[in-house]
Amino acid sequence: MIVNLPDEDAPNALPAPHRADRSRREVATYLSHMTAEMGAMARAAGYDLLAYFLDMARIEAKIQAKQQQK
C-alpha cells in the first residue's frame with residue numbers, strides 16, 4: 001500500500017510524522033486525521049471492532065493535541 005503524505009508547503013498540510021522537528025501537538029493532530037481515515041475504511045469493510053479501536057485512538061489523539069495547546 002502506498003501512502004501519499006501531504007505536501008508540507010501546502011496550507012493546512014498535515015505534518016509528516018517522521019520529521020524530528022515536529023511538535024507533539026502536530027504529531028497528535030496527524031494521528032487523529034490518519035486514524036479517522038483508517039476508521040472509516042475499517043467500518044466500510046465491515047471491520048467493526050477494528051473501527052472501534054481506531055475511533056478510540058482518534059479520540060485520544062485529539063485529547064493529546066488539545067492538551068499540548070495549553
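Each value in this text was obtained by applying a stated rule to the coordinates, not by laboratory testing. Because the structure is predicted, anything quoted here is derived from the model rather than measured. All Cβ positions, glycine included, derive from the backbone under ideal geometry; neighbour counts span all protein chains shown.
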Determine, for 60, 26, the number of other Cβ atoms within 10 Å of each Cβ, and report the residues in order from fewest to most.
-> 60, 26
For segment 24-68, what relative contact order do you get, as a whole percent, if you take Cα pairs closer than 8 Å and at least 6 residues apart?
-> 54 percent
